[in-house]
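Engineer: Below are the structure tokens for one structure; questions will follow.
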Amino acid sequence: MADTVVRLARRPAGAIMPEDFVLAPVDVGPLAEGDVLVRPAFISLDPYLSIQVYGRPVRGVAFAPGQAMLSRMVGRVVESRHASLREGDLVLGMGPWQSRFVVAGSALERLEIQLDRPELHLSVLGSSGITGWLGLHRIARIQPGETLIVSGATGTIGSIVGQLAKRHGCRVIGIAGGPQKCAHAREKLGFDTCLDHRDPAFAERLRGTEAQVYFENVGGAVLDAVLPGLAEHARIALCGMVAHYDTAREHRFHNLHLLLEKAIDVKPYRVSEHAGHHAAAMADLAAGVSAGDVMCDHTISRGLDSAGSAFVSMLAGKSLGKSLVKLDE
Ligand SMILES: NC(=O)c1ccc[n+]([C@@H]2O[C@H](COP(=O)([O-])OP(=O)(O)OC[C@H]3O[C@@H](n4cnc5c(N)ncnc54)[C@H](OP(=O)(O)O)[C@@H]3O)[C@@H](O)[C@H]2O)c1
């Protein structure tokens with residue numbers, strides 16, 4: 001069967017649309033010494049990809065029209081000319097949104113633990129889980145008994161952060177888009193409460209909360225509404241600001257002065273810059289998953305032809321938990 005790839009069709013003028021992506025035939029080419037041929041099982045759809053789609057680099061990479069989309073994937077080696085990777089090995093790494101691709105074996109991580117559900121390597125037992133754990137425990141240094149507010153509460157990182165904080169003996173207030181997501185945060189994720197950021201009374205409901213920690217995934221109007229609800233000397237783990245990735249959508253802040261007036265400690269961080277703590281994070285996440293304290297929802301679309309619309313859907317807040325594209329075996 002012919003191989004296919006998803007390319008960026010054009011630079012989006014406004015909001016990203018499914019038509020900004022195109023599925024095209026591709027030739028995977030021969031393997032050089034040290035290369036492997038990989039068939040992705042799951043491709044990760046992440047908010048930061050939108051920054052690259054708009055042409056701004058993230059870790060030196062931005063997409064030009066015509067270029068293949070590239071993100072994290074978990075897949076199987078189908079052919080190998082690499083000394084320590086064999087056919088059938090489960091691998092994790094960056095890859096194009098492509099049915100099969102050739103890559104240097106040295107760029108991939110062989111997954112020693114063969115999970116029944118390999119998609120977990122892209123969510124709770126992967127970079128998203130580690131990002132949440134680091135923000136909570138190393139950046140905000142949350143303590144038992146403290147109150148946490150977390151935005152993007154039913155998204156990948158937000159949902160994991162809230163569950164980790166509950167496990168640590170904290171009170172958790174989630175923020176999510178819509179009553180269904182909020183009910184999910186309370187009933188399935190075990191958060192103490194969850195506020196809908198589309199509710200006209202949203203900002204009012206946050207006042208007087210006096211939370212010690214805010215885990216930020218969103219920015220914009222959500223950040224503005226949270227600031228009055230933070231305690232003096234509160235800590236903000238600044239993980240993501242997805243509301244700002246489309247720079248055409250500007251937000252005028254009203255409450256930034258509270259950062260100074262309450263002496264709030266804002267700490268931005270990147271998961272890649274805390275590699276020394278990844279093993280500890282993974283061990284704690286794995287313990288939480290096996291104890292049944294921490295889970296992650298997955299919104300899975302099938303086939304490369306669904307990737308563009310699934311990505312747009314995730315950015316519009318229509319997915320729950322980790323958004324992935326599953327490719328046929
Ligand atoms: N610091 C790091 O090293 C690092 C690493 C990975 C990811 N990140 C960042 O962490 C954040 C969360 O990532 P994730 O993978 O867990 O994404 P995600 O939460 O699974 O998906 C994004 C969610 O953000 C919410 N959202 C989008 N636009 C919004 C807006 N304008 N206002 C309010 N909410 C909006 C939507 O949820 P609702 O429907 O609930 O609004 C959407 O489902 C992102 O900002 C990402 O870029 C940072």
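Since every read-out is calculated from the coordinates, none of them should be taken as a lab result. Keep in mind that what you see is a predicted model, and the values were worked out from it rather than measured. Here Cβ is always computed from backbone atoms with ideal geometry, including for glycine, and neighbour counts include all displayed protein chains.
Engineer: Which of the lysines could a cross-linker span from Lys326 if the Cα-Cα distance has to be under 21 Å and same-chain partners fewer than 8 positions apart are dropped?
Structural biologist: Partners found: Lys318.
Engineer: What is the magnitude of the charge dipole of segment 1-119 about its Cα centre, with +1 placed on the Cβ of each Lys and Arg, -1 on the Cβ of each Asp and Glu, and no other charges, expressed in debye to the nearest 20? Mind showing how you got there, number by number?
Structural biologist: Working: 13 positive and 14 negative charges, 71 e Å.
Here the size comes out at about 340 debye.
Engineer: Given 0.36 nm per residue, what is the gain on full extension from Tyr48 to Lys262 after removing their alpha carbon distance, in nm? Don't skip to the answer; put the middle values down first.
Structural biologist: On the way: separation 214, 0.36 × 214 = 77.04 nm, distance 3.02 nm.
Extending this stretch completely gives an extra 74.0 nm.
Engineer: In terms of Cα to Cα distance under 19 Å, which aspartates and glutamates are near enough to Lys166, apart from those fewer than 8 places away along the same chain?
Structural biologist: Partners found: Glu146, Glu187, Asp192, Glu210, Glu216, Asp284, Asp293, Asp297.
Engineer: Contact order normalised by length for the chain, with contacts defined as Cα pairs under 8 Å and 6 or more residues apart; what percent is it?
Structural biologist: Values: 731 pairs, mean separation 60.6, N = 329.
After rounding, I find 18 percent.
Engineer: Give me the distance in nm between label points sitting 7 Å out from Cα along the Cα-to-Cβ direction at Asp116 and Glu250, one decimal.
Structural biologist: 5.3 nm
Engineer: Which of the lysines could a cross-linker span from Lys322 if the Cα-Cα distance has to be under 16 Å and same-chain partners fewer than 8 positions apart are dropped?
Structural biologist: Partners within reach: Lys181, Lys188.
Engineer: Rank these for me by crowding, Asp199, Asp246, going from fewest to most other beta carbons within 10 Å. All intermediate terms of the calculation are to be shown ahead of the outcome.
Structural biologist: Details: Asp199 14, Asp246 17.
Ranking Asp199, Asp246 by Cβ neighbours within 10 Å, fewest first, gives Asp199, Asp246.
Engineer: So what is the relative contact order for segment 1-148, in percent, with contacts set as C-alpha pairs under 8 Å and at least six apart?
Structural biologist: Values: 265 pairs, mean separation 36.0, N = 148.
Answer for segment 1-148 is 24 percent.
Engineer: Considering only Ser151, Ala183, Leu223, whose Cα is most displaced toward the positive end of the charge dipole of the chain, charges sitting on Cβ of Lys, Arg (+1) and Asp, Glu (-1)?
Structural biologist: It is Leu223, whose Cα lies furthest towards the positive end.
Engineer: Also, quick follow-up: How large is the dipole of the chain about the Cα centre if only Lys and Arg carry +1 and Asp and Glu carry -1, each at its Cβ, rounded to the nearest 20 debye? Mind dumping the intermediate values first?
Structural biologist: On the way: 34 positive and 35 negative charges, 69 e Å.
Once rounded to the nearest 20, the dipole reads 340 debye.
Engineer: Order of Val74, Val58, Val5 from fewest to most other C-beta atoms within 10 Å? Working shown, then result.
Structural biologist: Values: Val74 25, Val58 13, Val5 21.
Fewest to most other Cβ atoms nearby, the residues stand as Val58, Val5, Val74.
Engineer: Taking only C-alpha pairs under 8 Å that are 6+ residues apart, what is the relative contact order of segment 185-329 in percent? Don't jump to the answer; show the numbers that get you there.
Structural biologist: Values: 179 pairs, mean separation 22.8, N = 145.
For segment 185-329, the relative contact order is 16 percent.
Engineer: Quick one: helix 278-290 against the long Cα principal axis of the chain, what's the angle to the nearest 10°, folded into 0 to 90?
Structural biologist: The angle comes out near 80 degrees.
Engineer: Still on this structure: So if we plug the beta-carbon distance of Thr193 and Asp305 into 1/(1 + (r/R0)^6) with R0 = 45 Å, what FRET efficiency do we get, rounded to 0.05? It would help to have the intermediate numbers written out before the result.
Structural biologist: Numbers: r = 40 Å, r/R0 = 0.88.
The computed FRET efficiency comes out at 0.70.
Engineer: Would you kindly work out the equivalent ellipsoid of segment 1-136 from its C-alpha gyration tensor and give its semi-axes, the square roots of five times the eigenvalues, largest first in whole Å?
Structural biologist: Details: eigenvalues 127, 88, 31 Å².
After scaling each eigenvalue by five and taking roots: 25, 21, 12 Å.
Engineer: Shifting gears a bit: Run through the DSSP bridge list for the chain and note the antiparallel percent, rounded to the nearest 5. Spell out each step's value before the answer.
Structural biologist: Values: 33 of 59 bridges.
Within the chain, antiparallel bridges account for around 55 percent of the total.
Engineer: For segment 63-149, what mean projected area does the convex hull of the alpha carbons give, in nm²? Provide the component values of the computation, followed by the final result.
Structural biologist: Working: hull surface 35.2 nm².
The Cα convex hull of segment 63-149, projected and averaged over all directions, gives 8.8 nm².
Engineer: Would you mind ranking Glu79, Glu232 so that the residue whose beta carbon has the fewest other beta carbons within 10 Å leads the list? Can you show the working numbers first?
Structural biologist: On the way: Glu79 16, Glu232 10.
Lowest count first: Glu232, Glu79.
Engineer: Hey, could you get me the Stokes-Einstein D for the chain, Kirkwood radius over alpha-carbon pairs, 37 °C and 0.692 mPa s, rounded to whole µm² s⁻¹?
Structural biologist: Working: Rh = 20.6 Å.
It comes out at roughly 160 µm²/s.
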